[in-house]
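Student: First the structure, then my questions, so here it is.
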Amino acid sequence: MAEAVAVAVESLAGVKARAARTVLGQVVLPGEELLLPEQEDAEGPGGAGERPLRLNPGVRSRVRVVCGPGLRRCGDRLLVTKCGRLRHKEPGGGGGGVYWVDSQQKRYVPVKGDHVIGIVIAKSGDIFKVDVGGSEPASLSYLAFEGATKRNRPNVQVGDLIYGQFVVANKDMEPEMVCIDSCGRANGMGVIGQDGLLFKVTLGLIRKLLAPDCEIIQEVGKLYPLEIVFGMNGRIWVKAKTIQQTLILANILEACEHMTTDQRKQIFSRLAER
């Protein structure tokens, strides 16, 4: 990783902007500008056909690009704000897809739309204060639950685990959570049961486990019947039939980040034989 960062530093010092498609999977540094080749008139990497990566569709911009974590819009350019590896997801139906920076940061930064697991730490009037692992607690209204009214208040106590999503996540404002979707339904959100085990993993592992083609979750589901909740803030809640099974699942999920595929299959095969 240190060698990759050194290469990126040299590249940043020598070149002002690089083509996004040529640095996929490579380390990018804060302050770099990304370029996107023209769809038709590109002359290859570094050619005259490349232009700054534009987010707004216009006359000259034929590719609509979505910027994810680690990238920031600055005018008609896309700037890197985090150190990490540049990733890209192909679009489902036309467009330039999604670009983001895959970094191993430890502290969670709230993002609008993220589903997280929080801990109620205080109650102030009609507002609950929820610890989500960020720089400040998030606010949660008692009306942000399915079926909640002024007379029918949800039974939420200090210390309860809450699974919800952010509707406000701005660096200049206090983050705000809700436990209902756009239709007013819980859709799996709300207070998590008293039993089970809550533990924390890296943010990179959470994104890996939530991938549609993640084999780890498929293999874990074959071991024991379980209930599991993933939070984008690096928290996982898991519950199995017994405490022993719950602890085994938690240890597997924590260790799988540093395991190879063969090592993981050996462990699952040993547990299946028990």
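The values are calculated or read from the model by the stated rules, or taken from the named source; none is laboratory data. Being a predicted model, the structure only gives us computed values, none of them experimental. For neighbour counting, all protein chains shown are included, and Cβ atoms are generated from backbone atoms with ideal geometry for every residue, glycine included. SASA here: full protein model, heavy atoms, side chains in, ligands and nucleic acids out. Shrake-Rupley method; radii C 1.70, N 1.55, O 1.52, S 1.80 Å.
Student: State, as an integer percentage, the relative contact order of the range 120-274 based on alpha-carbon contacts under 8 Å between residues 6 or more apart.
Tutor: 16
Student: Given Lys89/Lys222; Lys82/Lys123; Lys171/Lys200; Lys150/Lys241, which pairs have Cα atoms separated by over 32 Å?
Tutor: Pairs exceeding 32 Å: Lys82/Lys123; Lys150/Lys241.
Student: How large is the charge dipole for the range 114-191, taken about the Cα centre, if only the Cβ atoms of Lys, Arg (+1) and Asp, Glu (-1) carry charge, to the nearest 20 debye?
Tutor: Charge dipole, the range 114-191, about its Cα centre: 360 debye, nearest 20.
Student: Still on this structure, I have one more. Where does the Debye-calculated log10 I(q)/I(0) of the range 131-274 sit at q = 0.10, 0.11, 0.20 Å⁻¹, using only Cα point scatterers of equal weight, no solvent?
Tutor: So the normalised log intensities work out to -0.42, -0.50, -1.27.
Student: What does the charge count around Lys89 come to, taking other residues whose C-beta lies under 15 Å from its C-beta (Lys +1, Arg +1, Asp -1, Glu -1)?
Tutor: Within the 15 Å Cβ shell, the charges total +3.
Student: In Å, what Rg and Dmax follow from the Cα atoms of the range 80-168?
Tutor: Every Cα atom of the range 80-168 included, Rg and Dmax give 17.4, 50 Å.
Student: Leaving out ligands and nucleic acids, note down the accessible area per residue over the range 119-180 with a 1.4 angstrom probe, in whole Å².
Tutor: 54
Student: What length, rounded to one decimal in nm, is gained on full extension from Leu24 through to Ile243, with 0.36 nm per residue of separation minus their alpha-carbon distance?
Tutor: Going from the current span to full extension adds 74.6 nm.
Student: At q = 0.12, 0.24, 0.28 Å⁻¹, what base-10 log of I(q)/I(0) does the Debye formula yield for the range 197-273 when every alpha carbon is treated as an equal point scatterer in vacuo?
Tutor: Treating every Cα as an identical point scatterer, log10 I(q)/I(0) equals -0.29, -1.28, -1.65.
Student: So, one more: Sorted by accessible area (1.4 Å probe), largest first, how do Val23, Val191 line up?
Tutor: Details: Val23 5, Val191 65 Å².
Order by accessible area, largest first: Val191, Val23.
Student: Considering only protein heavy atoms, with the full assembly of protein chains and a 1.4 angstrom probe, order Met232, Met189 by accessible area, largest first.
Tutor: The ranking, largest first, comes out as Met232, Met189.
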